[in-house]
1. Scan the stretch 95-115 and give yes if some residue there is free of Cβ contacts under 8 Å to residues at least 40 places away in the same chain and more than 26 Å from LYS45 (Cα to Cα), otherwise no.
2. Quick one: which of SER190, SER159, SER173 is more than 15 Å from PHE108 (Cα to Cα), in contact (Cβ under 8 Å) with a residue 12 or more places away in the chain and small (Gly, Ala, Ser)?
3. So, of the residues in the stretch 26-47 that are over 20 Å from the mean Cα position of the chain (by Cα) and either outside any strand (DSSP E or B) or among the charged types (D, E, K, R) (or both), which turns out to be farthest from PRO73 (Cα to Cα)?
4. Just one of (1) in a helix (DSSP H, G or I); (2) in contact with a strand residue (DSSP E or B) (Cβ under 6 Å, 6 or more places away or on another chain); (3) not β-branched (Val, Ile, Thr) trips up TYR79, so point out which.
5. Within the stretch 219-231, is there a residue that is in contact with a helix residue (DSSP H, G or I) (Cβ under 6 Å, 6 or more places away or on another chain) and assigned to a loop (DSSP other than H, G, I, E, B)?
6. Could you tell me how many of the residues in the stretch 125-159 are under 20 Å from ARG98 (Cα atoms) and polar (S, T, N, Q)?
7. Kindly evaluate ASN146 against the criterion of being under 21 Å from MET213 (Cα atoms), at pLDDT below 95 and polar (S, T, N, Q).
8. When you go through SER56, SER89 one by one, which is the residue that is free of Cβ contacts under 8 Å to residues at least 60 places away in the same chain and either over 17 Å from the mean Cα position of the chain (by Cα) or loosely packed, with under 13 Cβ neighbours inside 10 Å (or both)?
Amino acid sequence: MGQNENKIENKIEKKELIEAKNIWKIYGGGEAKTVVLRGINLKIKEGEFVAIMGPSGCGKSTLLNILGLLDVPNKGMVYIKGKKTTMFSENDRAVFRRKISGFIFQQFNLINTLTALENVELPLVLDEKNKNYRIKKAKKLLKIINLGHRENYYPNQLSGGQQQRVAIARALSNNPKIIFADEPTGNLDSKNSREVMDILKELNEKEGITVIMVTHEPEFAKYASRIINMKDGEIVEH
C-alpha cells in the first residue's frame, strides 16, 4: 500500500458500533439492594480492541454481558449498529446475538459430551445451517487455530489452552462482527494466555473484528487499542 493510500485509510472515520447510554444495573431491593452499574455512558467503534479493567466487583463483567445482550439494564439503552437492542424481546436478542457476536468465557463453556468439532458446529446448528456447511466451516476454523488434529477429541481430552482455542473457534463460527471475551486467559498459564491473546489480536488486526475484553491482567490489556478502567460501577478512565 502506498503512502497516499495509507493517508486516505487513516482519514476514514470508523463507524460507531456500540453505544451505551446511562446504563444502570441494580440487583435486589430495600436493604438488599446492590447497585452494580451507575449511569454508564460508552461508545465503541468498529474495529476497536477494547479492554475493560477494574477490581473484582466493579461491574466489568456485568457491563460486558449487557453490551453483549446476555443481560439487560434496569435503566438506559444499548444501541448496536444503530438498533435499540434494549427494546428487543428475549428471543430477538438471542437471534441478534448469533448474527453479530461471538462469546469467549473464562470457563470455556464447552459441552463435555460433544467433540471439538461438534462444539464449534453448535452455533451453526442453532442457526439451522446445513450439515455439510457446518462440518466444513468447523474443520476450517479448527485448522486455523492449529487444532485440526484434535477435532474428534472431547473437552476432557484437551488441555486448558486447547479448550480455550476451541471456544475461540466456536465464537468465530457465525462470522461475528464483535467478540466479547470475559477473562479469556483466567484459567490458563502464561504461555497459553499469550497464545490466546495473539489469536484475538490477529483477529482484530487482520479480520477487522471488534474485540471487547474483560481482564484484570495489565499485561494482556496492553494488547488492546483502548483501555476502559472501572471502579464501583462507574467508568473512571477511558
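The values are calculated or read from the model by the stated rules, or taken from the named source; none is laboratory data. Quick caveat: nothing in here was measured; it's all calculated off a predicted structure. Positions of Cβ are backbone-derived with ideal geometry, glycine not excepted, and every protein chain shown enters the neighbour counts.
1. yes
2. Going through SER190, SER159, SER173 in turn, the sole match is SER173.
3. Filtering first and then ranking leaves GLU31.
4. The one condition TYR79 does not meet is (1).
5. Yes, there is a match, as at least one residue in the stretch 219-231 is in contact with a helix residue (DSSP H, G or I) (Cβ under 6 Å, 6 or more places away or on another chain) and assigned to a loop (DSSP other than H, G, I, E, B).
6. Residues in the stretch 125-159 being under 20 Å from ARG98 (Cα atoms) and polar (S, T, N, Q): 2 in total.
7. no
8. From the options SER56, SER89, the qualifying one is SER89.
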